[in-house]
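> This is the structure, below, for whatever I ask next.
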Amino acid sequence: MPNIPFLGALFGSSSSGNMADDQNYPVKKTEGEWQAVLSPEQFRILRQKGTEPPNSGKYNTHSPSSGVYTCTGCSAPLYKANHKFSSHCGWPAFWDAVPGAVGQRDDSSFGMKRTEIVCNNCGGHLGHIFKGEGYANPKDERHCVNSLDKRYMR
């Protein structure tokens, strides 16, 4: 696993159309550099805050008992496989992230209040976090994450 420091009904990109926020992330690339290393669909989701269609991602029903899911953009570890659960929402769901790996920020796009989650290493959009939905997990949280944002590693 790489040693990476950490600093701290919606199928298109968000209504603002902005790229991932230009904050002080360890991994910095220009739009062209991101386009060179990501597929067009990965770029749309990770850098333009898009969403893949429900039930289309390869990790939606993927349920290993061990391993780690890493960021497609920078290979930073994001989620442990044993924190994944079946939420039946159409996207992979996790109840917690690797400590320090995922940042949260307010998202008021599409006329609703949500919390966006991003990779703290490269700023890539991962999805959204929802709290207090009554899931029987230790934190009662659902990190609703696109499959194209991550890779599974044993």
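The values are calculated or read from the model by the stated rules, or taken from the named source; none is laboratory data. Bear in mind the structure is a predicted one, so any value in this text is a computation, not a measurement. No Cβ is skipped: glycine too gets one built from the backbone with ideal geometry, and neighbour counts run over all protein chains shown.
> Quick one: in the stretch 88-106, which of the residues that are more than 16 Å from Asp140 (Cβ to Cβ) and surrounded by 18 or more Cβ atoms within 10 Å (Cβ to Cβ) is nearest to the chain's Cα centre (by Cα)?
If we take residues in the stretch 88-106 being more than 16 Å from Asp140 (Cβ to Cβ) and surrounded by 18 or more Cβ atoms within 10 Å (Cβ to Cβ), then Val102 is nearest to the chain's Cα centre (by Cα).
> Scan the stretch 75-87 and report the pairs whose first residue is within 13 Å of Ile117 (Cβ to Cβ) and whose second residue is among the aromatic types (Phe, Trp, Tyr) and outside any helix (DSSP H, G or I), with Cβ atoms within less than 6 Å and a gap of 6+ or a chain change.
Leu78/Tyr69; Tyr79/Tyr69; Tyr79/Phe94
> Now, a different point. Just give me the residues in the stretch 133-154 being out of contact with any strand residue (DSSP E or B) (no Cβ under 9 Å at 6 or more places or on another chain) and either β-branched (Val, Ile, Thr) or loosely packed, with under 13 Cβ neighbours inside 10 Å (or both), in sequence order.
Our first condition is that a residue be out of contact with any strand residue (DSSP E or B) (no Cβ under 9 Å at 6 or more places or on another chain); within the stretch 133-154, this holds for 134, 138, 147-148.
Residues satisfying the conditions are Gly134, Pro138.
> Also, quick follow-up: When Ser65 is evaluated against the numbered criteria (1) part of a loop (DSSP other than H, G, I, E, B); (2) loosely packed, with under 14 Cβ neighbours inside 10 Å; (3) modelled with pLDDT of 95 or more, which criterion, by number, is the only one it fails?
Condition (3) is where Ser65 drops out.
> Can Lys29 be described as farther than 14 Å from Leu148 by Cβ, of a type outside the set (A, V, I, L, M) and either at pLDDT below 90 or in a loop (DSSP other than H, G, I, E, B) (or both)?
Values: farther than 14 Å from Leu148 by Cβ: yes; of a type outside the set (A, V, I, L, M): yes; either at pLDDT below 90 or in a loop (DSSP other than H, G, I, E, B) (or both): yes.
Yes: the conditions hold for Lys29.
> Pick out, from the stretch 69-154, the strands (runs of 3 or more DSSP E) lying fully within it that include 2 or more residues that are under 22 Å from Ser39 (Cα atoms). Lay out the reasoning, then the answer.
Values: elements: 77-80, 102-107, 114-119, 125-131, 141-145, 150-153.
Fully inside the stretch 69-154 and qualifying: 77-80, 114-119, 125-131, 141-145, 150-153.
> Looking at Gly103, Gly67, which one is under 14 Å from Asn120 (Cα atoms) and out of contact with any Pro (no Cβ under 9 Å at 6 or more places or on another chain)? Steps first, please.
Numbers: Gly67 fails: under 14 Å from Asn120 (Cα atoms).
Only one candidate passes the filter, namely Gly103.
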